[in-house]
Amino acid sequence: QVQLVESGGGLVQPGGSLRLSCAASGSIFSINAMGWYRQAPGKQRELVATVTSDSSTNYADSVKGRFTISKDSAKNTKYLQMNSLKPEDTAVYYCYARIRRFSYSRYSDYWGQGTQVTVSS
């Protein structure tokens, strides 16, 4: 079993900041990539940011310069620092990880339960 547990969502005013955390636990041999996706009401889920095992990062254009993804490999945890938040950032944010559970298994995608981020005055 693999679990991704998110924390850090909430309500914040425009221009404010939040930090999301996602911890992976369970039978984990290696993690190839971790990231964040989000889904706003009536919209498709979209990529926000990813970080790979070699620390390469990728961001959606809409969050570049405002969001920063980082990881603590020793803890199998990643973070999303969100600054200068805008109302259009309001969404459910989902943690994602591509994990290989055993040395002989393939990588599979895992998802967290989602955490709500609301940006409103």
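The values are calculated or read from the model by the stated rules, or taken from the named source; none is laboratory data. Nothing here was measured: the structure is a model prediction, and the numbers come from that model. FYI the Cβ positions are ideal-geometry reconstructions off the backbone, even for glycines, and counts take in every protein chain you see. Accessible surface is based on the protein model in full, side chains and every heavy atom, while ligands, DNA and RNA are left aside. Shrake-Rupley method; radii C 1.70, N 1.55, O 1.52, S 1.80 Å.
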Which residue is surrounded by the most Cβ atoms within 10 Å (Cβ to Cβ), if the candidates are limited to segment 17-31 and must be small (Gly, Ala, Ser) and on the phi < 0 side of the Ramachandran plot?
Ala24
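Here's a check for you: in segment 32-49, which residue that is of a type in the set (S, T, N, Q) and over 16 Å from Ser108 (Cβ atoms) is most open to solvent (accessible area, probe 1.4 Å)?
The initial filter retains those residues of segment 32-49 that are of a type in the set (S, T, N, Q), namely 32, 39, 44.
This time we only want the ones that are over 16 Å from Ser108 (Cβ atoms), so: 39, 44.
Values: Gln39: 63, Gln44: 159 Å².
It comes out as Gln44.
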If I ask for residues that are more than 10 Å from the chain's Cα centre (by Cα) and over 20 Å from Lys75 (Cβ atoms), which ones from segment 19-42 would you list?
Gln39, Ala40, Pro41, Gly42
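Within segment 13-26, identify whether any single residue is among the polar types (S, T, N, Q), in contact (Cβ under 8 Å) with a residue 60 or more places away in the chain and within 30 Å of Ser120 (Cβ to Cβ), and answer yes or no. Let's see the steps before the verdict.
Initially, segment 13-26 is screened for residues among the polar types (S, T, N, Q), giving 13, 17, 21, 25.
From what is left, the residues that are in contact (Cβ under 8 Å) with a residue 60 or more places away in the chain are 13, 17.
With within 30 Å of Ser120 (Cβ to Cβ) added as a condition, the list becomes 13, 17.
The answer is yes; a qualifying residue exists.
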For segment 83-121: of the residues being open to solvent by less than 40 Å² (accessible area, probe 1.4 Å) and outside any strand (DSSP E or B), which is farthest from Val12 (Cα to Cα)?
Ser105
Pairs where the first residue, in segment 89-118, is basic (Lys, Arg) and the second is open to solvent by less than 30 Å² (accessible area, probe 1.4 Å), C-beta under 8 Å, 6+ apart
Arg98/Ala33; Arg98/Met34; Arg100/Ser30; Arg101/Val2
Picked from segment 55-82 (must be at pLDDT 90 or above and outside any strand (DSSP E or B)), the residue surrounded by the most Cβ atoms within 10 Å (Cβ to Cβ) is Val63
